[in-house]
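J.: The structure is given below, and queries will be raised subsequently.
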Amino acid sequence: EAGVTQFPSHSVIEKGQTVTLRCDPISGHDNLYWYRRVMGKEIKFLLHFVKESKQDESGMPNNRFLAERTGGTYSTLKVQPAELEDSGVYFCASSATWGGSPLHFGNGTRLTVT
Amino acid sequence: QKEVEQDPGPLSVPEGAIVSLNCTYSNSAFQYFMWYRQYSRKGPELLMYTYSSGNKEDGRFTAQVDKSSKYISLFIRDSQPSDSATYLCAPRGGSQGNLIFGKGTKLSVKP
């Protein structure tokens, strides 16, 4: 079984530019999550999709972040325009069910905004 | 008070030692408790997954949850150099999909 896949693994952009991160969950997993770890801090929740619907986006920092999951398969997270404080590692995870099954994480996208 | 507190270490032990990793949490609604292992430049890898209080054993790893004291533990027996990684505790409420992570404890097992 293929795991959660994230692209790109690393992205370096300038402040003000746009970046789009992609996540392919484990096949058949309806639940998809985005998390972020900024330097020296804990991994923090951003949002949760159930199929193509946003179940919880309480962790999204501001309206510069836009997440989509068209068709309920892969997801994208766009940051526009990027700011310096957006630098960090963005993790995607998926789970088969909502409350009872564990989350499986991808290797993350390391975003550096200069 | 943070929802999950975890000593960041670093923790260094000799090969073969028993390792004890711990977390405390504040939210009594947490029902599911996960431990993840994270190697450098990799994503968190699920290690142990328990529901409510009690023990769960998987090979050299044992997870313990004491909901009355809001205390989570992970024990590693016969530790190996390959166990060197950051260990993250992550409780989760039953009605929520999101995990709450501790900062992680960096473990180094010396040969």
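J.: Say each of B:S20 and A:E52 gets a label point 7 Å from the Cα, pointing the same way as Cα to Cβ; how far apart are those two points in nm?
T.: According to this spin-label approximation, the distance is 5.2 nm.
J.: Excluding residues fewer than 8 places away in the same chain, name every one of the lysines whose C-alpha is closer than 18 Å to that of A:K54.
T.: Reachable lysines: A:K44, A:K78.
J.: Please report, in debye to the nearest 20, how large the charge dipole of chain A is about its Cα centre when each Lys and Arg carries +1 at its beta carbon and each Asp and Glu carries -1 there. Spell out each step's value before the answer.
T.: On the way: 12 positive and 12 negative charges, 34 e Å.
Result for chain A is approximately 160 debye, rounded to the nearest 20.
J.: So how far apart, in nm, are the two label points at A:K41 and A:E68 if each is 7 Å from Cα heading toward Cβ?
T.: Result: 2.6 nm between the two label points.
J.: With a 10 Å cut-off between alpha carbons and a GNM built on chain B, which of B:D58, B:D66, B:D83 moves the most?
T.: In the Gaussian network model the winner is B:D58.
J.: For the stretch B:1-71, taking Cα atoms only, what is the radius of gyration to one decimal and the Dmax to the nearest whole Å?
T.: 13.2, 37
J.: Amide H of A:L46: which non-local residues (sequence gap of 5 or more, or other chain) have their own amide H closer than 5 Å, using H built in the peptide plane?
T.: A:W34, A:Y35, A:R36
J.: Using a 10 Å cut-off around each Cβ, can you sort A:H29, A:H104, A:H10 from fewest to most neighbouring Cβ atoms?
T.: On the way: A:H29 19, A:H104 22, A:H10 11.
Going from least to most buried by this count: A:H10, A:H29, A:H104.
J.: Quick one: what Rg and Dmax do you get for the stretch B:37-111 from the alpha carbons, in Å?
T.: Answer for the stretch B:37-111, Rg first and Dmax second: 13.0, 43 Å.
J.: List the residues, sorted by chain then number, that are 5 or more residues from B:Q31 or on another chain and whose placed amide H is less than 5 Å from its amide H.
T.: The list, which skips near neighbours in sequence, is B:R92, B:G93, B:G94.
J.: For chain B: lysine pairs with Cα atoms under 25 Å, gap of 8 or more or different chains, count?
T.: 15
J.: Mind checking the log10 I(q)/I(0) for the protein assembly as shown at q = 0.13, 0.16 Å⁻¹? Debye, one equal scatterer per Cα, no solvent, two decimals.
T.: The calculated log intensity ratios at q = 0.13, 0.16 Å⁻¹ are -0.76, -1.11.
J.: If each residue's Cβ is checked for other Cβ atoms within 10 Å, how do B:L88, A:L84, A:L21, B:L46 rank with the fewest at the top?
T.: On the way: B:L88 26, A:L84 10, A:L21 20, B:L46 15.
Ascending Cβ contact count within 10 Å gives the list A:L84, B:L46, A:L21, B:L88.
J.: So, how do all the Cα-to-Cα distances of chain A break down into 5 Å bins, in percent, from 0 on up?
T.: 2, 13, 24, 26, 19, 10, 4, 1, 0
J.: In whole Hz, what ³J(HN,Hα) sequence does the stretch A:37-44 give by Karplus (6.51, -1.76, 1.60; θ = phi - 60°), x for Gly and Pro?
T.: Once θ is set to phi - 60°, the couplings for the stretch A:37-44 become 10, 9, 3, x, 10, 6, 5, 10 Hz.
J.: Let me ask another. For the stretch B:29-36, what does the Karplus curve 6.51 cos²θ - 1.76 cosθ + 1.60, with θ = phi - 60°, yield as ³J(HN,Hα) per residue in whole Hz, taken in order and with x for Gly and Pro?
T.: Values per residue, Gly and Pro as x: 7, 5, 10, 10, 9, 10, 10, 10 Hz.
J.: I need the calculated FRET efficiency for the pair A:R22 and B:D7, taking r as the beta carbon distance and R₀ as 41 Å, to the nearest 0.05. Write out the running numbers ahead of the final one.
T.: Details: r = 35 Å, r/R0 = 0.86.
About 0.70, to the nearest 0.05.
Taken together, the values in this text are just the output of simple stated rules run on the coordinates, not laboratory data. Model, not experiment: these values are computed from the prediction. Neighbour counts run over all protein chains shown; Cβ positions are idealised from the backbone, glycine included.
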